[in-house]
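To start, the structure under review is shown below, and the notes come after it.
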Amino acid sequence: MMAKQALEYRLRMNRRRFLSRLSLGIGSAALGSLLIPDLFSGKSNEEAILEQLPHFAPKAKRIIYLFQNGAPSQLELFDYKPMLREKFGQDLPESIRMGQRLTGMTAEQTKFPLAGSLFNFAQYGESKAWISELLPYTAGIADELCIIKSMYTEAINHDPALTFFQTGAQVGNRPSMGSWLSYGLGSENKNLPAFCVLLSKGKGNGQGVYSKLWTNGFLDSVHQGVQFSSGENPVLYLNDHASVTRADRRHMLDQLEALNEEGLREFGDPEINAKIQQYEMAYRMQTAVPEVTDISKEPESVIKLYGPECLVPGTYAANCLLARKLSENGVRFVQLYHQGWDGHGNLPAEIKGQCADTDQPSAALIKDLKQRGMLDETLVIWGGEFGRTNYCQGPLTKDNYGRDHHPRCFTIWMAGGGIKPGVYGETDDFGYNITSNPVHVHDFHATVLHLMGMDHEQLTFKHLGRRYRLTDVAGKIVNDIIKA
Amino acid sequence: MRYWKNIIYNIVFAGNCLLFFLLLVEDRLVMPLWLQVVGRMHPLVLHFPVVLLLMVVVWEIAYRKRFQLSETEDETGSTLLLLAAAFTNLAALMGLMLSLEPGYEGDAILWHKWGGFFLSILSLLWYAVKHPVRRSRSLFVVMCSLTIGALILTAHQGATITHGEDFLLAPISTKEEEITVSLQEAMVYDHVIEPILEKKCISCHNTSKAKGELIMETRSALFRGGKNGILWDTTAKKFGLMMQRLHLPLEEKKHMPPKGKPQLTPEELSILYHWIKAGADTTGRLIALHPSDSLYILASSSFSEGGDELFTFEPASPDLINDLNDHYRVISPIAKGSPALQIDFYTSANYQPDQLEELKQIQDKVVSLNLSKMPVTDPDLQFIASFNSLRNLNISFTGVTDSGMAALNGLTSLRHLSLAGTKVSGEGIRKLSGLSSLQKIYTWGTKLSPDDLIALRKQMPGVKFETGFEGDTILMPLNPPIIENQESIIVDAVPLKLKHFMKGAEIRYTLDGSEPDSILSPVYKPGILLQNTLVVKTRAYKKGWATSATNLRYFYHSRITPDATVLINRPDSLYRGNGVKTLFDEVKGDMNFRSGKWLGFKSKPLELRLSFKNPTLVSSFTVSTLVDTRSYIMPPASVELWGGNKENDLKRLGIIKPPQPQTDSAAGNVGYIFRFEPMLLKYMKLIARPVPRLPSWHKGKGERSWVFADEIFIE
């Protein structure tokens, strides 16, 4: 008894004092809570986050991402390394490779013979950027491009690398970049999805694309990418049957909405609300999509700009043209995938074909956006998921070689909305390691979000008890490539 | 006294709890206006805790030195401490309220905020344990130094927020003025060239140092040059001394700036180079240069185009914006909290003329208006002219004409105007001379003539004309027509289906294997029936375009099935399909040679013998093969067809030696068609020999190639 009292005395604390102090603390917290207007309004964490968006004035309103699926070789296109030609066939020194892990395809190779590019380079534009003879049209827009030669990634195989580039994580189930943008900024045009996906295929060695790359992950399903198909109906199941008139459809949707409203009142499930909205949007898309996808009114100069292939649905050129039209109609994020860049063997012939299919349309897109006054507000990104090795995979001959996957350096370009044209980053003479200004995939994401007016650290979503970001726990904005 | 102290102590305790709570939920706080007034008293109140906390430290040190204090002196110390705790807490609470007002961001505020919180807690804690602190020397030292340290840090960060980053040391540090200049105002020399010299050259070449007797501080001194003469001379090699020195390798002694000093970036180098090349002008504006001028392109990117400009007008009410927003007219602030609005119209089918007029209520707040492709006409421009804050106006592909242009002259803030795809000509654009802020005008697809363009560029020197791509003079090949037929084996007769996506393209074709031409070959019309084994070759033609490449497709027709067939050599064990039956199953193989629909031969030729029970009238014989160079499948070196009525006495009916490909190409189906005068035959023999050695360009050069066949057709 005495001991307890002595302790209480020394701590100047007993039960009564403790409780009265506690009430003071709770009381003050209650007082403070008066300053939180939405404390009991049931507003979710997400709503609070979204209310803050955009965090600052965006430099770009929309993105067109020309994803070159399969990883184009930077050594054939942008990263000019004359030394590789001089050292043709010599082994890659271990001092350069520095224990870089290999894919299963070249792990068994005992020699890593260096292979210089078969193609010639020249310098273009104010930045004196080296651009390959394979890309004559791209060379023509050199002054618009910010060529980043120092991209690097963590993954070494297609699936994880693609997933990493699209979602910021190598494992699946995270929201894709376009979904994050849709979540953060919503749709500009309420009659079209905020995130559209267009696929095309080149003749080169291809790698798969799959819907997990445009998944909404744990975000609301309205943020999922909508894949446009190349057939007669770009959006599947959108058109009414011939026997259904527009008035019938309206009537049916009104009745359906009444039923859904009832369900919503009864259960309060927010997914019902999402459903109502999606039906309504599909109804509006029925008029908006045909107008957007109709290319018959494009003038001949536009056809010549993109090349005649742009009239053939499902080609890369057609998708570039469609991307411009979608963007023009307020689609936040248009994601193209073009397959066929995976040049493990027979790279020179394949890359020639790939470039023939993509060079003119890619450049045309930039020119077309520019002549309409849209380039300032549209961010265009071109690039693959990683680079290709400076050494040959398989037998090396004078006029044929293959290149394996290389995550340590590769080239992408960006243009338009807020981008400062120029060349950023350098690689060593072997084209193997980055020597200045490395840009990690997370940095790339942070920069893209920044250009769209969002702070990548603030754009979060709480899932499974943790707040997730596109950039995970990393990402530095590359300020040097952003226009002042 | 004790009673009052107790009350104050409890209030301060509650205050600290409140402070902690508010910091936790900072993101979600919304300050009522009267509390903002309280918050703004922070700069007044904060001086109390600074002084009081310092007094506490001084007092307590004095107390320790004397060891024994009278009761009153002890009491004074503790009162002082309590007051310090109270004011610290008060100042911290007020500071937190102030920080929630817009305009307080960044590192300084973060450190200041948490510093204030720390001090508030620390002073209260000290009061609570003042006796143990007095007794223990180490505790005392810790307490004092923590207080002083946190006080200095917090107070300094606070001063930084109020007075700016370099306020304290500004008088003794060299100033680096950073004036932000917009592209409109930027001068070539003052804002592009001089800052480079300032940063990289003047530290040595100034009036007090003047290395090499060169002073670069003023224009006249710069033009005078130094000991080695003038700095540039456009007739000299590399344009004179300065460029020569700058371009020397870094190791050279004469390289400028010297090794170890900050070097010029490649960008800065080319800016100087182009400036000197163009005559080293010191008075011109940057914007006056031609948009394709190298110097303009290099330098303009570092100036803002006024995108982040601050708008001072009152925002429209959110309810009004909400009311005006619909699915086809989207109104949004350009950024969170900005009063400036951007408006986009979508889907012309849903456009109503009054949709524009309804915007009257917010017309002076609209900075960006996009009406592209809407059915907008000249009278509407009169109305748009009242949008006096407009920076960007997009009326491309609308119905506006020259006569509407004059109305736009009132838009004095307009920077970007897109007229692309309208009927506006040089005459209309000339009327836009009142647009004093105009930077860019998009005239692609308008009626603006090249002569007018030259004149207008002179007349409006500050405006960039974006004329886009015309393409009239570019001759580009069409893409080949598409052969839409799915089937390649004709059962009875099939209509030929050719298609081209280009409007007005002419499709010509041949059925006899010859190359189509623009005169002799027939023009495609639907309704042509294919009834025999043949190859369709087709090309597209259109005025203004070069002729397309040839697209071709084999169609196979079989009327006769032999009664007995035998393969002399077995196909390779990996590609043996269903044996000889594969060649007569009327199933075409696809491009996948592993599909089982193909027979593959490598070491031995494909040799097929067939016979009829009765002599049969035969006029054509076709073998369908695969070419896939990357898979080592080449056309056969030769294909021979023999026939006759006695098994041992066959006559050669024909031999085909297909041309070999010169490079890798996509896989494709090739048929070898033998046509001859109809004759009665009982026995036939086909031999297709693989190429013995792959050509030198092939990655498997020297190896044997494959022959793959999937079907035989006899007519």
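The values are calculated or read from the model by the stated rules, or taken from the named source; none is laboratory data. Note that the structure is a prediction, hence the values are computed from the model and not measured. Glycine gets a Cβ as well: all are built from the backbone with ideal geometry, and neighbour counts include every protein chain shown.
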Within the range B:19-40, tally of residues that are within 11 Å of another protein chain (Cβ to nearest Cβ), in contact (Cβ under 8 Å) with a residue 60 or more places away in the chain and of a type outside the set (A, V, I, L, M): 2
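One line per residue, one yes/no per condition, for (1) exposed (fewer than 11 other Cβ atoms within 10 Å of the Cβ); (2) of a type in the set (G, A, S); (3) without any contact (Cβ under 8 Å) to a residue 12 or more places away in the chain:
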{"site": "A:Y210", "(1), (2), (3)": "no, no, yes"}
{"site": "A:N216", "(1), (2), (3)": "no, no, no"}
{"site": "A:L219", "(1), (2), (3)": "no, no, no"}
{"site": "A:G225", "(1), (2), (3)": "no, yes, no"}
{"site": "A:H251", "(1), (2), (3)": "no, no, yes"}
Residue ranges of strands (runs of 3 or more DSSP E) in the range B:527-588 with at least 2 members modelled with pLDDT of 85 or more, surrounded by fewer than 17 Cβ atoms within 10 Å (Cβ to Cβ) and of a type in the set (A, V, I, L, M): B:564-567
The range A:373-382, residues that are buried (at least 24 other Cβ atoms within 10 Å of the Cβ) and at negative phi: A:M374, A:T378, A:L379, A:V380, A:W382
Selection from the range B:683-697 of residues that are more than 13 Å from B:V707 (Cα to Cα), modelled with pLDDT of 90 or more and surrounded by fewer than 21 Cβ atoms within 10 Å (Cβ to Cβ): B:Y683, B:K685
Tally of residues being surrounded by fewer than 21 Cβ atoms within 10 Å (Cβ to Cβ) and among the aromatic types (F, W, Y) across the range B:589-645: 3
Elements of type strands (runs of 3 or more DSSP E) in the range B:596-715, at least 2 residues being of a type outside the set (V, I, T), without any contact (Cβ under 8 Å) to a residue 24 or more places away in the chain and in contact with a strand residue (DSSP E or B) (Cβ under 8 Å, 6 or more places away or on another chain): B:649-656
Matching option when the condition is within 14 Å of chain A (Cβ to nearest Cβ) and either modelled with pLDDT of 90 or more or surrounded by fewer than 12 Cβ atoms within 10 Å (Cβ to Cβ) (or both), among B:G95, B:G164, B:G103, B:G116: B:G103
Condition check for A:K462: surrounded by fewer than 23 Cβ atoms within 10 Å (Cβ to Cβ), in contact with a helix residue (DSSP H, G or I) (Cβ under 9 Å, 6 or more places away or on another chain) and in a strand (DSSP E or B): yes
Counted residues, the range B:389-428 - those being touching a residue at least 60 places away in the same chain (Cβ under 8 Å) and touching an Asp or Glu at 6+ places or on another chain (Cβ under 7 Å): 1
Number of the condition not met by A:N433 [criteria: (1) under 30 Å from A:F56 (Cα atoms); (2) surrounded by fewer than 24 Cβ atoms within 10 Å (Cβ to Cβ)]: (1)
Pairs, first more than 16 Å from B:P262 (Cα to Cα) in the range B:196-217, second part of a helix (DSSP H, G or I) and of a type outside the set (G, A, S), C-beta under 8 Å, six or more apart: B:I215/B:L222; B:I215/B:R224; B:M216/B:L197; B:M216/B:L222
Per-region count, the range A:170-203, residues farther than 22 Å from A:L322 by Cβ and not in a loop (DSSP other than H, G, I, E, B): 3
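A quick yes/no check of all residues on (1) of a type in the set (D, E); (2) closer than 28 Å to A:I366 by Cβ; (3) crowded, with 24+ Cβ neighbours inside 10 Å:
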{"site": "A:E154", "(1), (2), (3)": "yes, no, no"}
{"site": "A:H158", "(1), (2), (3)": "no, yes, no"}
{"site": "A:G168", "(1), (2), (3)": "no, yes, yes"}
{"site": "A:S187", "(1), (2), (3)": "no, yes, no"}
Lone qualifier among A:H405, A:H440, A:H463, A:H456 - being in the same structural domain as A:E108 (by TED's automatic domain parsing) and out of contact with any Phe, Trp or Tyr (no Cβ under 8 Å at 6 or more places or on another chain): A:H456
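Yes or no, residue by residue, for (1) at pLDDT below 85; (2) surrounded by 11 or more Cβ atoms within 10 Å (Cβ to Cβ); (3) aromatic (F, W, Y):
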{"residue": "B:I148", "(1), (2), (3)": "no, yes, no"}
{"residue": "B:T154", "(1), (2), (3)": "no, yes, no"}
{"residue": "B:Q157", "(1), (2), (3)": "no, yes, no"}
{"residue": "B:T160", "(1), (2), (3)": "yes, yes, no"}
{"residue": "B:L168", "(1), (2), (3)": "yes, yes, no"}
{"residue": "B:T174", "(1), (2), (3)": "yes, no, no"}
{"residue": "B:S182", "(1), (2), (3)": "yes, yes, no"}
{"residue": "B:M187", "(1), (2), (3)": "yes, yes, no"}
{"residue": "B:E194", "(1), (2), (3)": "no, yes, no"}
Lone qualifier among B:S70, B:S78 - being of a type in the set (G, A, S), surrounded by fewer than 21 Cβ atoms within 10 Å (Cβ to Cβ), at pLDDT below 85 and assigned by TED's automatic domain parsing to the domain that holds B:H156: B:S70
Only listed residue being surrounded by 17 or more Cβ atoms within 10 Å (Cβ to Cβ), farther than 26 Å from A:E328 by Cβ and modelled with pLDDT under 80, chosen from B:L298, B:L272: B:L298
Number of positions in the range A:396-445 that are within 14 Å of chain B (Cβ to nearest Cβ) and in a strand (DSSP E or B): 11
Pick from the range B:348-362, criterion within 14 Å of chain A (Cβ to nearest Cβ) and in a helix (DSSP H, G or I), ranking: surrounded by the fewest Cβ atoms within 10 Å (Cβ to Cβ): B:A349
